[in-house]
Amino acid sequence: MTTRYRALYAVLAVALSLSSAGCATSGLASLPLPHPGEGPGGYTLTAVFANALNLPAFAKVRLAGADVGQLETLQARDYTAVATLRIRDGVRLPEGTTVELRSATPLGDVFIAVKPPPDAPPDAPLLSDGDTIGIEDTAAAATVENLLTGAAVLVNGGAVQNLTDIINGAGKAAGEDGGKNFRQLVDRTTTLLDTMNARSGQLDDALTGLSGLSSRIDAKSQELADLMAAAAPATGTLSQQTTAIADLIVAAGATGELAGKFPSIAGTDTSGRSVVADLNTVAGALNDVVLDPAASLAGVNRVLPPIIKASASNSLSLRGTIDRLILGHIPD
């Protein structure tokens, strides 16, 4: 009998132990974990974010680096993150305040930063309990994934290689022997500055003269305006005769091309004669005739009538006597 009671007591003890262990485990799991809190009071604001990834529970709300509240709840609603913020009493946030998710370090915890508008007047209306900051006034923080992706693109996308090429190119431009080209550039720059410093008086005189010229031109501005007004008809005439002037230039060019065919001008004459020299000779002879007091035009006057008569029309009239005409051998 005693053995039977002992077995029954053992079974009851095991069952009681198992049930006690199960109740104890459920009780510990249901206990809330400690977390920082703001205490009672304050007012709540609702902020809508497009992305609240990596935002921890009970995240701090900071204004200009100071803690002014914390995150109470975060819910997903219509593909947005709706956060309820509890702000301490005495914190005045004007309407138009923006909310951003930031992190103090690239891998640090994300916090909520509130930023009032910089141009808000002192009497601007304030946000009150239950107000909502829309998604257009919120911004999400850069995620760790985005940071790592950007770093990978920076390293593997060629930026580092391009920087290396730039540094190598600068080294080649500097020249060998410890930057010989740079030293020469510095030396030449120093020489230029020394020269300009030595001629500073001349530069000052030139600037003074230029200033005086500008003053005189300014004083004669009315005369210059009258001159331009008087030259307007002439410029108008030149504008109207642009085609004729262009034709004249073309004709002068053609004349010059033809004159260039003369051996003396083209440089192909080996006789030593020259058109210019011949013209000088003729001009000298005519000048001697003009300066000779005994010169008479009677002989010229006797020659002119036959020439005028012979060339009175578009043909030439001549009279001559042929004593002998030889045609050569004419076969039968």
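What follows draws every value from the coordinates through simple rules; no lab data is involved. Given the structure is predicted, the values throughout are model-derived calculations rather than measurements. Note that each Cβ is placed from the backbone with ideal geometry, even for glycine, and that neighbours are counted across all protein chains shown.
At a glance:
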| read-out | value |
| --- | --- |
| Sequence-distant residues sharing a close amide H with Gln70 (under 5 Å, placed H) | Val61, Arg86 |
| Percent RCO, i.e. relative contact order, over region 59-105, from Cα pairs under 8 Å lying at least 6 residues apart | 26 percent |
| Potential lengthening between Glu72 and Ala312 on full extension [0.36 nm per residue; Cα-Cα distance subtracted] | 74.1 nm |
| Ranked Tyr79, Tyr43, criterion: other C-beta atoms within 10 Å, fewest first | Tyr79, Tyr43 |
| Kirkwood hydrodynamic radius of region 43-142, Cα pairs, Å | 13.6 Å |
| Region 43-142, relative contact order in percent, only Cα pairs under 8 angstrom and at least six apart counted | 38 percent |
| Förster radius 41 Å - calculated FRET efficiency between Asp204 and Asn168, Cβ distance, rounded to 0.05 | 0.35 |
